[in-house]
Amino acid sequence: MLYLGIDLGTTYSLVAHMNDHGQPTLFPDYHNANEFRTPSVVHIGDEGCFVGSALEEMLEDEPELSQARFFKLAMGEPEGVYRDHRQRHWWPQSLSALVLKKILNDVEAFAHDEVAGALITVPANFNDAQRKATREAAQLAGLNRVKLLDEPVAAATFYGYNRKGAEQTLFVYDLGGGTFDATVLQVGDDGLYALATEGSNQHGGMRVDQFIMDFILDEYHRQHGVRPSDETTLMTLRRFAHDTKLTLVKPGKTKVAKTLVLAGKTLDFVLTRDLFHQMIDTFVDETLAVCTRCLKAAGLEWSFIDTILLTGGSSLLPLVPEKISRASGRPKDQLVCRQPHQAVAYGAAILAAQQFTGGGGAKKLQSICAYDLGIRVRGADGQPAVKVLVNKNTPVPAAESTTFYTNRADQARLIIEAVQQRETDQGQEESSLGFFAFTIDNPRAKYPVEIKLAYDLEGCVVITACDPETGRQMQQEMDKDSQAMDRELLEQQSWINGLVINQ
Ligand SMILES: Nc1ncnc2c1ncn2[C@@H]1O[C@H](COP(=O)(O)OP(=O)(O)OP(=O)(O)O)[C@@H](O)[C@H]1O
Ligand SMILES: [Mg+2]
């Protein structure tokens, strides 16, 4: 039986399992056995569907091919983010499903066992809609037994793997391609306990690439008086900006000087490492502000942290350890950066083996929720307000109830709006989970309805209502929006089933 750990990343996706020697191991790309990660990029055209490295290679020669990227950042938004050759609009979870299917094809090619379960990692700061979209992606890909796992928990597991010793407090700084998580965890021989988490979906390597793109576009404008805006040119420029970044972070590199041909015109440009660092200075400071908030939420200071773990590809930006070292008062060589690209997938594989088999030695795993969970009500001043039932950073699973009363004797349903929220440096961030309607069988005035809001083990929200007098659960009505969404997903499932992913 095969249990997989899948890091479904914004830029790269990886899949690992525990090998016969009890070591976490990555599966290679079917096409290229030296490649152990799949770029999260999809193309659907007349020749079929292409995913990952095969597509990246095609794009070198045919940059005008349509492509979907960074769709992880749009997870939870029920709308098309990519239009294929038949003008079909693909949702982010369907595109993620294609990445998962490609990865599963790789697994099938190299493993002789059947997949019996998979842990898929998500950023700790993914909200309910983003988590549910990830579950839907798994379902669309035909993966049956799936659990979600927070990325920093996976990275911390890999760090703690094979490590015996005293309890310690761990700070995980996880800066990936599209998202950033800061998490404080307690690690011990008996398990792993998350204490606080904060994050941002606006901070990742993609933003860093964007700074370089903007710099080049400004330079282009200065030299030619125009700013190219067509899709193909911008995609080419993005790839170039990405390569420039990877060159500039190499030890000893002080500048990149190149002549580019963009939209039919040549452009000479020089970017020094110093200037690059100036461009991203505020960006890195912002991630540190998130760290400060996370420490505060855990009631700790840097001095209480035993180990600072850096993970995610973008934590390799030299400014990151530099600034963390300064903020934490810890020398750079004491910051731990162990296989930052693979740590999440490895940790997920270790936990998949433990969690699905449930055998002896399974350690306790305590995750927390990254958002307050509540119900929109009318505040004392008559203005809408959120009555928070489960506070952010509460260990999950967690559930709290509150009782509402109907207004009229003939009121046959009670409708509530559930909300997730959190405080960020930009102010209060709020997302509605939608309206939930419950049917009342025997209406009467001031009928009590107990609403229970819960986070399950994977940080997804479950909402139920019951009659507190009889304890009987009330029927939830499906609203038009969810019905339309279900229909849409069914249709996309048929598109996926009708596609062959070219290997
Ligand atoms: N040496 C490096 N220096 C700076 N950035 C790097 C380096 N190597 C990779 N990156 C960047 O790291 C990012 C990819 O990291 P990673 O694979 O951890 O992200 P991901 O898992 O795809 O994203 P996320 O976790 O946000 O969903 C890319 O933006 C890439 O450009
Ligand atoms: Mg990642």
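Looking at the stretch 330-370, which of the residues that are within 16 Å of ligand 2 (Cβ to nearest atom) and among the polar types (S, T, N, Q) is modelled with the lowest pLDDT?
Q339
Can you name every residue in the stretch 5-30 that is surrounded by 15 or more Cβ atoms within 10 Å (Cβ to Cβ) and more than 16 Å from ligand 2 (Cβ to nearest atom)? If you could, list the steps in order and put the result at the bottom.
As a first pass, look at the stretch 5-30 and keep what is surrounded by 15 or more Cβ atoms within 10 Å (Cβ to Cβ): 5-18, 24-30.
Scanning the stretch 5-30 gives H17, M18, T25, F27, P28, D29, Y30.
Could you please let me know if A257 is away from ligand 1 (no atom under 11 Å from the Cβ), assigned to a helix (DSSP H, G or I) and either in contact with a His (Cβ under 6 Å, 6 or more places away or on another chain) or not β-branched (V, I, T) (or both)? Can you show your working first?
Values: away from ligand 1 (no atom under 11 Å from the Cβ): yes; assigned to a helix (DSSP H, G or I): no; either in contact with a His (Cβ under 6 Å, 6 or more places away or on another chain) or not β-branched (V, I, T) (or both): yes.
In short, no.
Does the stretch 37-66 hold any residues that are touching a His at 6+ places or on another chain (Cβ under 9 Å), in a loop (DSSP other than H, G, I, E, B) and surrounded by 19 or more Cβ atoms within 10 Å (Cβ to Cβ), and which are they?
Scanning the stretch 37-66 gives R37, G52.
So the check is Cβ under 7 Å with 6+ separation or different chains; which pairs have a first residue in the stretch 139-162 that's within 17 Å of D181 (Cβ to Cβ) and a second one that's within 16 Å of ligand 2 (Cβ to nearest atom) and aromatic (F, W, Y)?
F158/Y346
Quick one: D209 ticks every box in (1) within 16 Å of ligand 2 (Cβ to nearest atom); (2) under 22 Å from L335 (Cα atoms); (3) among the acidic types (D, E) except a single one, so which number is it?
(2)
When you go through L351, L414, L389, L433 one by one, which is the residue that is assigned by TED's automatic domain parsing to the domain that holds V153 and touching a residue at least 40 places away in the same chain (Cβ under 8 Å)?
Details: L414 fails: assigned by TED's automatic domain parsing to the domain that holds V153; L389 fails: assigned by TED's automatic domain parsing to the domain that holds V153; L433 fails: assigned by TED's automatic domain parsing to the domain that holds V153.
The match here is L351.
Just a yes or no: is a residue in the stretch 155-169 away from ligand 2 (no atom under 16 Å from the Cβ), outside the structural domain of L119 (by TED's automatic domain parsing) and touching an Asp or Glu at 6+ places or on another chain (Cβ under 6 Å)?
Taking every residue of the stretch 155-169 in turn, at least one turns out to be away from ligand 2 (no atom under 16 Å from the Cβ), outside the structural domain of L119 (by TED's automatic domain parsing) and touching an Asp or Glu at 6+ places or on another chain (Cβ under 6 Å).
Out of all the residues in the stretch 188-200, is one or more away from ligand 1 (no atom under 15 Å from the Cβ), of a type in the set (A, V, I, L, M) and free of Cβ contacts under 8 Å to residues at least 24 places away in the same chain?
No, that holds for no residue.
Give the stretch 303-321 a look and list any residue that's in a helix (DSSP H, G or I), in contact (Cβ under 8 Å) with a residue 60 or more places away in the chain and either more than 30 Å from A16 (Cα to Cα) or of a type in the set (D, E) (or both), or say none. Before the answer, list the steps.
Filtering the stretch 303-321 down to residues in a helix (DSSP H, G or I) leaves 303-304, 313-316, 319-321.
From what is left, the residues that are in contact (Cβ under 8 Å) with a residue 60 or more places away in the chain are 304, 313-316, 320.
Hit for the stretch 303-321 is F304, nothing else.
On the basis of being of a type in the set (A, V, I, L, M), closer than 17 Å to Y3 by Cα and outside the structural domain of E429 (by TED's automatic domain parsing), does A196 make the cut?
Working: of a type in the set (A, V, I, L, M): yes; closer than 17 Å to Y3 by Cα: no; outside the structural domain of E429 (by TED's automatic domain parsing): yes.
Criteria not met by A196.
Look at G382 and say whether it is under 24 Å from the mean Cα position of the chain (by Cα), free of Cβ contacts under 8 Å to residues at least 60 places away in the same chain and at positive phi.
Values: under 24 Å from the mean Cα position of the chain (by Cα): no; free of Cβ contacts under 8 Å to residues at least 60 places away in the same chain: yes; at positive phi: yes.
Spelling it out, it is not the case that G382 is under 24 Å from the mean Cα position of the chain (by Cα), free of Cβ contacts under 8 Å to residues at least 60 places away in the same chain and at positive phi.
Answer yes or no as to whether I324 is in contact (Cβ under 8 Å) with a residue 24 or more places away in the chain, surrounded by 19 or more Cβ atoms within 10 Å (Cβ to Cβ), in the same structural domain as F36 (by TED's automatic domain parsing) and more than 13 Å from ligand 1 (Cβ to nearest atom).
No, not satisfied.
One line per residue, one yes/no per condition, for (1) within 13 Å of ligand 1 (Cβ to nearest atom); (2) touching a residue at least 60 places away in the same chain (Cβ under 8 Å); (3) of a type outside the set (V, I, T); (4) under 27 Å from T233 (Cβ atoms):
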{"position": "T11", "(1), (2), (3), (4)": "yes, yes, no, yes"}
{"position": "A16", "(1), (2), (3), (4)": "no, yes, yes, no"}
{"position": "D20", "(1), (2), (3), (4)": "no, no, yes, no"}
{"position": "P24", "(1), (2), (3), (4)": "no, yes, yes, no"}
{"position": "V42", "(1), (2), (3), (4)": "no, no, no, yes"}
{"position": "G52", "(1), (2), (3), (4)": "yes, no, yes, yes"}
{"position": "E60", "(1), (2), (3), (4)": "no, no, yes, yes"}
{"position": "L65", "(1), (2), (3), (4)": "no, no, yes, yes"}
{"position": "A74", "(1), (2), (3), (4)": "yes, no, yes, yes"}
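Please enumerate the residues belonging to the stretch 463-488 that are among the hydrophobic types (A, V, I, L, M, F, W, C) and out of contact with any Pro (no Cβ under 9 Å at 6 or more places or on another chain). Let's see the steps before the verdict.
Taking the stretch 463-488 first, the residues among the hydrophobic types (A, V, I, L, M, F, W, C) are 463, 465-466, 474, 478, 484-485.
The answer is I463, A465, C466, M474, M478.
Which of (1) more than 16 Å from ligand 1 (Cβ to nearest atom); (2) touching a residue at least 12 places away in the same chain (Cβ under 8 Å); (3) outside any helix (DSSP H, G or I) is the odd one out, the single condition A297 does not satisfy?
All conditions are met except number (3).
Is at least one residue of the stretch 135-143 of a type in the set (A, V, I, L, M, F, W, C), within 16 Å of ligand 2 (Cβ to nearest atom) and outside any strand (DSSP E or B)?
Of all residues in the stretch 135-143, those of a type in the set (A, V, I, L, M, F, W, C) come to 137-138, 140-141, 143.
Keeping just the survivors that are within 16 Å of ligand 2 (Cβ to nearest atom) gives 137.
Subset that is outside any strand (DSSP E or B): 137.
Yes: the stretch 135-143 contains one or more residues that are of a type in the set (A, V, I, L, M, F, W, C), within 16 Å of ligand 2 (Cβ to nearest atom) and outside any strand (DSSP E or B).
Which pairs turn up if I take residues in the stretch 484-503 that are of a type in the set (A, V, I, L, M, F, W, C) and look for partners that are surrounded by 13 or more Cβ atoms within 10 Å (Cβ to Cβ) with beta carbon separation below 6 Å, at least 6 apart in sequence or on another chain?
From residues that are of a type in the set (A, V, I, L, M, F, W, C), the pairs are M485/P78; I496/A97; I496/L140; L499/C49; I501/C49; I501/V51; I501/K101; I501/K102.
Can you pull out every residue in the stretch 341-370 that is part of a loop (DSSP other than H, G, I, E, B) and either among the aromatic types (F, W, Y) or surrounded by 15 or more Cβ atoms within 10 Å (Cβ to Cβ) (or both)? If you could, list the steps in order and put the result at the bottom.
Initially, the stretch 341-370 is screened for residues part of a loop (DSSP other than H, G, I, E, B), giving 341-342, 358-363, 367, 369-370.
Result: H341, Q342, K363, S367, C369, A370.
In the stretch 266-300, what count of residues is obtained for those that are in contact with a Leu (Cβ under 6 Å, 6 or more places away or on another chain) and more than 21 Å from D209 (Cα to Cα)?
1
Consider D181 carefully, then state whether it is in contact (Cβ under 8 Å) with a residue 24 or more places away in the chain, surrounded by fewer than 20 Cβ atoms within 10 Å (Cβ to Cβ) and either more than 14 Å from the chain's Cα centre (by Cα) or within 16 Å of ligand 1 (Cβ to nearest atom) (or both). Before the answer, list the steps.
On the way: in contact (Cβ under 8 Å) with a residue 24 or more places away in the chain: yes; surrounded by fewer than 20 Cβ atoms within 10 Å (Cβ to Cβ): no; either more than 14 Å from the chain's Cα centre (by Cα) or within 16 Å of ligand 1 (Cβ to nearest atom) (or both): yes.
Against the criterion (in contact (Cβ under 8 Å) with a residue 24 or more places away in the chain, surrounded by fewer than 20 Cβ atoms within 10 Å (Cβ to Cβ) and either more than 14 Å from the chain's Cα centre (by Cα) or within 16 Å of ligand 1 (Cβ to nearest atom) (or both)), D181 does not qualify.
The values are calculated or read from the model by the stated rules, or taken from the named source; none is laboratory data. Since we're looking at a predicted model, the values are computed, not measured. All Cβ positions, glycine included, derive from the backbone under ideal geometry; neighbour counts span all protein chains shown.
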